[in-house]
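Below is one structure, written out as structure tokens, with a few remarks after it.
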Amino acid sequence: MAQKKRLLKNFPEKVFVDRKVWKKERTRRILKNVEDVPCVIIDNVETLINKYSRKPDPVGEGKKVLWITEQKGDFVKPCPCTPAYLGCCYYIINLDLNCPFDCTYCILQHYLTNPLITTNVNLNDLWKQLDEFLDGIKGRFIRIGTGELADSLALDHITGNSRDLIAYFRGKKNVHFELKTKSVNIDNILMEEPEENIVVSWSLNSEEMALKTEADAPSIDARLEAAAKVCRRGFRIGFHFDPLFYYSGFAGNYDRVIKRMFQAVPPSRIAWISLGSLRFPPFLKRIIQNRFPKSRMLIEELVPGKDGKYRYFMPLRKKLYEKTVHSLRKYGGEKILLYFCMEGRNMWNEIIGWKPRGKEDIEKYLSFPQEMS
Ligand code: SF4
């Protein structure tokens, strides 16, 4: 089964617009990009969410529609990471919520109470909040991105958010802004002048696991082709191998992708590469059982970690990381900047060769790696 290289040709099947934002210029811009799609103005979002939540597959049904509204609370938050493991001092911007791709392991299937794919149009509030936030972190160097509760670029041909975000962060010296994606939706990025503090990142996996667990997302080849184009445009690129899967032949399969990755993007233009192994909270297993009953994730031998999430037993995680890091350094060199998502200090020490004292150390390491080695 070949994965499709496409820009969500069937999305959205329907658009719902919050009456409060109906007349906003930004809403009109979005609606122009989906003008052939049926559109309904909504006064009461609770009724709409309840209707979708009662469907047999709320997550799957919610992925077919676009909900245009405004964010009421904070856009900017520290990444919650997970208790008892080391965080990486990342900050998240919740501008879009949810994602039209359908990865088996996606935590958003449970995490978001609203199943609709949501885009917020009150960007003036976002800019104000960001101004205050950046004012408050003076003296630090932080990383921030839009790709935690959404795919940063999957809807970009509809919203155009990437261009506004790049314009906002351009030249801000104490911030790395990251757009993280599995999409090939890069036309807006290619229209922008590159800037060293803007990083466009792709989540990767082995071809086999991408085919089995990342439904509707573009193939690994297509993602690498997009990364190569964005790199040639002059942007720095990030990569995320998360979740890594432990299975027979994993080392060779990840090695092949890593080799191709460095053929597409030279090490000197890679800002960072993160690694994380398969993990999920117990409640997600029930969702996977319902939505993906044939998934191999249901038969993995996993044990509860210190945070209660199921993970591979420590020796298997170590082996998974050792082999992957070996391939990364074999093709990318020793200087390539690697970090873990949700692992402990000992894993950092044994695999990366550096023991952070805490997450503040990691913040510095990811901002000024040459000073920390
Ligand atoms: S691309 Fe990311 S956000 Fe979208 S379904 Fe997959 S894991 Fe979830």
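The values are calculated or read from the model by the stated rules, or taken from the named source; none is laboratory data. Just so it is clear, the structure is predicted and the values come from calculations on it, not from any experiment. Virtual Cβ from ideal backbone geometry, glycine too; neighbours counted across all protein chains shown. Please note that ligands, DNA and RNA were not included when accessible areas were found on the heavy atoms of the full protein model with its side chains. Shrake-Rupley method; radii C 1.70, N 1.55, O 1.52, S 1.80 Å.
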## Note on the structure
The one condition S203 fails out of (1) more than 26 Å from R170 (Cα to Cα); (2) of a type in the set (S, T, Y); (3) in contact with a Lys or Arg (Cβ under 7 Å, 6 or more places away or on another chain) is (1)
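Name the single residue that is farthest from the ligand (Cβ to nearest atom) among those in the range 106-120 being open to solvent by less than 20 Å² (accessible area, probe 1.4 Å) and polar (S, T, N, Q).
So the first thing to find is which residues in the range 106-120 are open to solvent by less than 20 Å² (accessible area, probe 1.4 Å), and the list is 108-109, 115-120.
From what's left, polar (S, T, N, Q): 109, 118-120.
Numbers: Q109: 8, T118: 13, T119: 14, N120: 16 Å.
Among them, the one singled out is N120.
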### Query
So which residues in the range 280-301 are open to solvent by 40 Å² or more (accessible area, probe 1.4 Å) and either assigned to a helix (DSSP H, G or I) or within 27 Å of G344 (Cα to Cα) (or both)?
P282, F283, K285, R286, Q289, N290, R291, R296, I299, E301
### Task
Go over the candidates K180, K172 one by one and state the one that is within 16 Å of the ligand (Cβ to nearest atom) and either within 23 Å of L275 (Cα to Cα) or open to solvent by 20 Å² or more (accessible area, probe 1.4 Å) (or both).
K180
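Go through the range 252-279 and give me each residue that's of a type in the set (S, T, N, Q) and either open to solvent by 10 Å² or more (accessible area, probe 1.4 Å) or assigned to a helix (DSSP H, G or I) (or both).
Quick first cut of the range 252-279, residues of a type in the set (S, T, N, Q) only: 253, 263, 268, 274, 277.
Once the filter is applied, which keeps residues that are of a type in the set (S, T, N, Q) and either open to solvent by 10 Å² or more (accessible area, probe 1.4 Å) or assigned to a helix (DSSP H, G or I) (or both), the range 252-279 yields N253, Q263, S268.
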### Message
What are the pairs with Cβ atoms under 8 angstrom where one residue, in the range 99-126, is without any contact (Cβ under 8 Å) to a residue 24 or more places away in the chain and the other, located anywhere, is within 10 Å of the ligand (Cβ to nearest atom) and open to solvent by 10 Å² or more (accessible area, probe 1.4 Å)? Sequence gap at least six, or different chains.
### Response
C106/C99
### Query
For the range 50-81, what are the residues that are surrounded by 18 or more Cβ atoms within 10 Å (Cβ to Cβ), in contact (Cβ under 8 Å) with a residue 60 or more places away in the chain and either out of contact with any helix residue (DSSP H, G or I) (no Cβ under 7 Å at 6 or more places or on another chain) or within 30 Å of F133 (Cβ to Cβ) (or both)?
L66
### Query
Right, A227: in contact with a Ser or Thr (Cβ under 9 Å, 6 or more places away or on another chain), within 16 Å of the ligand (Cβ to nearest atom), of a type outside the set (K, R) and without any contact (Cβ under 8 Å) to a residue 40 or more places away in the chain or not?
yes
#### Entry: Only one of N188, N205, N161 that is among the polar types (S, T, N, Q) and away from the ligand (no atom under 16 Å from the Cβ)
N188
### Query
Looking at (1) within 16 Å of the ligand (Cβ to nearest atom); (2) open to solvent by less than 30 Å² (accessible area, probe 1.4 Å); (3) aliphatic (A, V, I, L, M), can you tell me which one L123 breaks?
(1)
### Query
Among the residues of the range 231-279 satisfying the criterion of being among the aliphatic types (A, V, I, L, M) and over 17 Å from the mean Cα position of the chain (by Cα), which is nearest to V199 (Cα to Cα)?
V265
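Only one of V59, V15 is more than 14 Å from the ligand (Cβ to nearest atom) and β-branched (V, I, T). Can you tell me which?
On the way: V59 fails: more than 14 Å from the ligand (Cβ to nearest atom).
From the options V59, V15, the qualifying one is V15.
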### Task
Could you please tell me which pairs satisfy a Cβ distance under 6 Å, a separation of 6+ or placement on different chains, a first residue in the range 202-214 that is at negative phi, and a second residue that is assigned to a strand (DSSP E or B) and surrounded by 23 or more Cβ atoms within 10 Å (Cβ to Cβ)?
W202/F239; L204/F239; L204/F241
### Message
Can you pull out every residue in the range 141-156 that is within 16 Å of the ligand (Cβ to nearest atom) and either surrounded by fewer than 17 Cβ atoms within 10 Å (Cβ to Cβ) or under 16 Å from A217 (Cβ atoms) (or both)?
### Response
G147, A150, D151, S152, L153, A154, L155, D156
### Message
Which condition from (1) under 24 Å from the mean Cα position of the chain (by Cα); (2) under 23 Å from H157 (Cα atoms); (3) away from the ligand (no atom under 16 Å from the Cβ); (4) open to solvent by 30 Å² or more (accessible area, probe 1.4 Å) is the one that I41 breaks?
### Response
(1)
